Structures are given as C-alpha cells and as structure tokens.
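**Student:** This is the structure, below, for whatever I ask next.
Quick note: the coordinates plus some simple rules give every number you see, no bench work behind them. Not measured: the values here are computed from a predicted model. Cβ: placed from backbone, ideal geometry, glycine included. Neighbour counts: every protein chain shown.
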Amino acid sequence: MRATQFFLNTLKEAPADAEVISHQLMMRAGMIKRLAGGIYTYMPVGLRSIRKVENIVREEMNRAGALELLMPAVQPAELWQESGRWEKYGAELLRLKDRHDRDYVIGPTHEEVITDVVRKEVKSYRQLPLNLYQIQTKFRDEIRPRFGVMRGREFVMKDAYSFDRNQEAALKTYDTMFEAYRRIFTRLGLNFRAVNADTGSIGGNRSHEFHVIADTGEDAIAYCPSSDYAANVELAEAVCNAQRSAAGKALEKVHTPGNSTCEAVAAQLGLSLSATVKSVVFANEFVEKDETKAVKKVQIILALVRGDHEVNDIKLGKLHGVQELRLATEAEIVAAFGTQPGYLGPLGLKGEVRVVADRSVAAMGDFVCGANAADYHYAGVNWGRDLPEPEVADIRNVVEGDASPDGQGVLAMCRGIEVGHVFYLGTKYSEALQAKFLEENGKPAVIEMGCYGIGVTRILGAAIEQNFDDRGIIWPLSIAPFEVVLCPIGYKKSEEVKLQADKLYQELKDAGVDVMLDDRDERPGVMFADWELIGVPLRVTLGDRGLKDGKVEFQSRDGKVEKRDVDVGEIFEQL
Ligand code: ATP
Ligand code: MG
Ligand code: MG
Ligand code: MG
C-alpha cells in the first residue's frame, strides 16, 4: 500500500468523550469514526486490523472443526418469544416493526436463529456433532456505550454454537473450544486469563470468560497466584458467600477502587467514595431508564454510602427482617423522584427508608461498589438477565487477601476486559425450541448445546489498552494494520531514495509482507509521528545520507530493536 493511495486521517487531539487510552488512540489514528453513540465506521486502517483478528479467529475455529455460516441480523420476534427471551432480555434488545406491523429484533446474539436452523435440518444422530460459527455484526442497545469499540452498541462478534448427542460429547466440545480460545488469544499477542464466570442471560452451567488484563477493564477478577483458580468477581463472591453464610449473616460490600463508573458518578455528584458500603441492595423495580432520574437515585444511594450504615439479616425477595436505614429524608426522595413515597415500593419508604433486597443483590451491589458495574449498567436496566435467585442474604465483596475458594492460598485481584466467553448451554434452547434428533435406538433425544463468543472489535481496544506509549499504539505484529512502514526522506527530491524505496517496497510486497510505503514526501517528523501513532511495528527509514554507504535505518515500534543502520540487502534478514 502506498500512503498517497490510502486514506490517512490522523488527528492531533482525541475527542473529549474518549475516556480511555484505546478509544483516544483509535480516534486519533483514524481507525474509527463515530456515527452515533456506540456506533462507528471502521475506517480503512481500522478495518485492516479487524480483518486480521477475524482471520486468526477463523483459522483457529476451522482448525477446531467448526464450520462457518452467516445468519441474518434481523430476526423475527416469534423465535424470541419461543425461547422466552422476548420478555427476559430487557432493554438491550433492539426491537422494531416492519411495514406489516410484525415484530423483529436486531440480533444481539443468535442462539434462537441457529437452533431454528438445526431443528429444521438435523434429524439423526448421524448428523451430529455440529459446530457452526459466524463473524457478524451484533446490536445491543447498551445503556451506556463507551470506550469506543470496547462497549459499542453495534459491534462485530464471532459467535459459535455447538450441537452434540449427549452431555459427555458436549463437554468435550466445550474443552475443544476452550483450547481453541487459548490459541486464538495467544496468537493475537494478548496477555489474557481464562476465568470462571457467571452464565448471565445466556444460561447454562459451565462457563469461562477470557479476559485481557488491563487496569481499565470493567470487570474485576479474583485469582489465586498459587493455584489455577480465577473467577469473575461475581462468581467468586457467590462462592465466598456460600462459605461465609455459615459464619453469620453480616452484609458487607466494599467499594472497589478504580471503578470508573462509580467514580465518575461520584465525581459528578461531588461525593467521596472512600466510605465502606455496608449494604447496597435493591428490589427489582429499581430499574431506571431515565438517566437523570438514575443519577438522582445514585445520589440517594451515595448518601447511604457516606452514612456508613450497617445492615444485618436481609432476606431476599421479601420484606423480612429488614433493618431500617436512613438514606435520605422523605422530602428529599419525593423531590428527587417527583412522586409519592408509596411509589418507591422497593425502597420501602415508611418514615425511614428501607433497603430491601429482591434478587440480583450482587448485581446492584456491583453497581455501586464497582465489581462489574458496566455489566449490569449503572441504572440496572439490564434486569432481564435471568440471574439465578440468590440463596443467601449475605453478600460480601471479595477483597484482596481473602482465603480462595478452592482452599489454596489467598486471592489477588486484577481488572480485565472480557474478550471471549464460552458456555455449556445444555438443553436450554434446544428444549425451548424443540431441537431433537433420533438416537441410534430410534428414540428422540434433545440436542446438547454450547455457545462461544469472541468480541472481534472489542479486541482492538483491549490490545491497545495493553500496548501503547505516549506516541501512540504499539500493535502486536499479528493484528497491526501494516507490518512494516517504509519512510523515504525526500521521496520526490532524490532519485536514489525513490529508486531504493520503490525497489524495497516491491520486494517486500512480493515476499508477502504487509508493507506501507509513505510516498507522501512529508517531513520525517510528520511521517514518524503518523506511523508511531498508528502503531506499525517495524520501520525502515531511507535517506540519501545512509544510502551513500548502502545503508538504511531499521527499528521496531516496541523499542526491542533500537534504531540501527542496516545494509539495504540485509533488511529481509532483519524482518
Ligand atoms: P459484557 O459483560 O462486556 O457486557 P457480555 O457478557 O454481555 O459482555 P457476551 O454475551 O458474552 O457478552 O458476548 C460475547 C463477547 O462479545 C463478549 O465476550 C465481548 O467480547 C463481546 N461484546 C459483548 N458486548 C459487547 C459490546 N457492547 N461491544 C463490543 N463487544 C462486546
Ligand atoms: Mg460479561
Ligand atoms: Mg453485556
Ligand atoms: Mg459474556
């Protein structure tokens, strides 16, 4: 590729709404352009990296025996009604009507569609196992799209769905996928960790998330340095809670420092989050789509936080043994919500405000305390997730130094960006949609399923969160938009420079190297700044001075190969 034939659009400044470094750098490098909240155009330079991620994913999925297909983005509501998710999925599901007033959704995920394909096509055990995947655009109406492609509303996902004869075979497929994911994230050049995970709205009961380790990650991960144990904090909490429930019914949640959602909200409200949250539990109705109202609710919650109250013995789902707490005065709450106290049923306003847990205590706790705020959205709109009913009332936050759940050593904490997720689904969807096959003995049986997602576009953001410096992005070679950039100094002024640059460019292209020739005839400073911002891993600089002695300058973006003079003929060896 020649720069003059390419579309470069680097920026000096990142837009003000770009909170994290990857978003800032992707905007500045001209990889993405914002069209609307959480909706981006992938510009040519960005699309090159996306395609490279896709190809690695595709190669490893194929290698693991999966078959690629492509499903529609628009899906009829009937399928979602059949699975029960039309009601359960909540506001993240974008619903629309066609001209005949029929209901549709824009697919946030494809269990329903793929199960429909399989139930119609698969009749016999001889057709199993099957593992089908696609790389496709999803739409999720995230309440708070942010961080650029990391939490978009429209984004590219690889989603795979496996179909097996029985549980044993399905779990084997799960393991195969798990290994394929390890290979994928290793090839992508990412520092990652596989963690035990909650099964969320997709359901099922065996699940791992793959997290790219980064301080800006929205998820908290509890892991044990001395064993293999690693879990999303939600799950680690559930396990720890079960262990602790014997020891008492104290309720305690501790703010996790570094959580941007709650810190941002707190900052906005001028509040300090240093206080220990002793209880944050809310009822189902604590669902607020209106952002200003949500912020006001947060304000009330934070009043509680500051108050450093303590609650004991809260029973879930019922107004049972609830300790009364003073969050705010009745007048304050009425002023905030513009409604009668009675309306605030879940907050149980009766003179004093009560905090009542219904379900998903951990989720709402996270909302304030920050374990996984974004997952549940700060206003809790994503309530449709069919979280399991919590069994015990005492929910505690996992903290650094806790004993581990597997009985080996103590927990350490880090933050992660969820880039992949594998689920064993069992018969959740095949049962609901009646996807059956005839066994060898002629009897009908329900198909066992698994599903496996990878956030293709999110991976770009995650990779940058791990690899950048003050000059820009430092791409891992495998997903860089270009592998090598040639920077000729005086391309249009010096015949020798042009000759050598063109020659090297052609040779590298012929050798299959993904090379960019910067033939814009810009000053070196301008060229270098652009390619360092874009993050091309290797750079060859050609100038009259060096070429006199048959030398060019070679260096790597990550600093591992420092600037050095190399014979023109040796450049191949260096690469
Ligand atoms: P999150 O917890 O971050 O909301 P999720 O658990 O809802 O993600 P899954 O349903 O597991 O997501 O989807 C599979 C993968 O798709 C995720 O592991 C993630 O990499 C990616 N993904 C999910 N939501 C988004 C989004 N809004 N923007 C970009 N990628 C996403
Ligand atoms: Mg998740
Ligand atoms: Mg989500
Ligand atoms: Mg997930």
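**Student:** State the volume of the convex hull built on the alpha-carbon positions of the stretch 506-575, expressed per residue in Å³ and rounded to an integer.
**Tutor:** Considering the Cα atoms of the stretch 506-575, their hull volume per residue is 98 Å³.
**Student:** Sort 497-507, 146-156, 526-536 by the packing proxy (mean of other Cβ within 10 Å over each peptide's residues), most packed first.
**Tutor:** Descending packing order for the listed peptides: 146-156, 526-536, 497-507.
**Student:** Moving on to the next point. Beta carbons within 10 angstrom, averaged per residue: use that to sort the peptides 428-439, 157-168, highest first.
**Tutor:** So the peptides 428-439, 157-168, ranked by packing, come out 157-168, 428-439.
**Student:** Given Lys52/Lys492; Lys88/Lys428; Lys52/Lys509; Lys493/Lys551; Lys158/Lys509, which pairs have Cα atoms separated by over 21 Å?
**Tutor:** Flagged as over cut-off: Lys52/Lys492; Lys158/Lys509.
**Student:** Can you sort Arg458, Arg183 from fewest to most other Cβ atoms within 10 Å of each residue's own Cβ?
**Tutor:** Arg183, Arg458
**Student:** With no solvent and one point per C-alpha, what does the Debye sum give as log10 I(q)/I(0) for the stretch 3-61 at q = 0.12, 0.27 Å⁻¹?
**Tutor:** Normalising to I(0) and taking log10 leaves -0.34, -1.11.
**Student:** Residue by residue through the stretch 506-523, which ³J(HN,Hα) values in whole Hz follow from phi under the Karplus form 6.51 cos²θ - 1.76 cosθ + 1.60 (θ = phi - 60°), with glycine and proline marked x?
**Tutor:** Whole-Hz 3J(HN,Hα) from phi for the stretch 506-523: 5, 4, 5, 4, 4, 7, x, 7, 7, 10, 10, 9, 7, 9, 7, 6, 7, 5.
**Student:** In the stretch 115-182, if the dipole is taken from +1 on Lys/Arg beta carbons and -1 on Asp/Glu beta carbons about the Cα centre, which of Leu130, Val118, Phe147 is farthest to the positive end?
**Tutor:** The residue sitting farthest along the positive end of the dipole is Phe147.
**Student:** With unit charges on the beta carbon (Lys/Arg positive, Asp/Glu negative), name the residue among Leu69, Ser83, Ala16 whose Cα is farthest towards the positive pole of the charge dipole of the stretch 6-91.
**Tutor:** Ala16
**Student:** Taking H placed 1.01 Å from N in the peptide plane, check which residues at least 5 places from Val419 or on another chain put their amide H under 5 Å from its amide H.
**Tutor:** Under 5 Å from the amide H of Val419 lie the amide H atoms of Phe210, His211, Val212, each far enough along the sequence or on another chain.
**Student:** Additional query: Give, to the nearest whole percent, the P(r) tail of the stretch 71-159 beyond 20 angstrom, counting all Cα pairs.
**Tutor:** Percentage above 20 Å: 43.
**Student:** Of the peptides 39-46, 537-544, how do they stack up when ordered by the mean number of other Cβ atoms within 10 Å, highest first?
**Tutor:** 537-544, 39-46
**Student:** Among residues other than Gly65 whose Cβ falls under 14 Å from its Cβ, what is the net charge (Lys/Arg +1, Asp/Glu -1)?
**Tutor:** For residues surrounding Gly65, the net value is -2.
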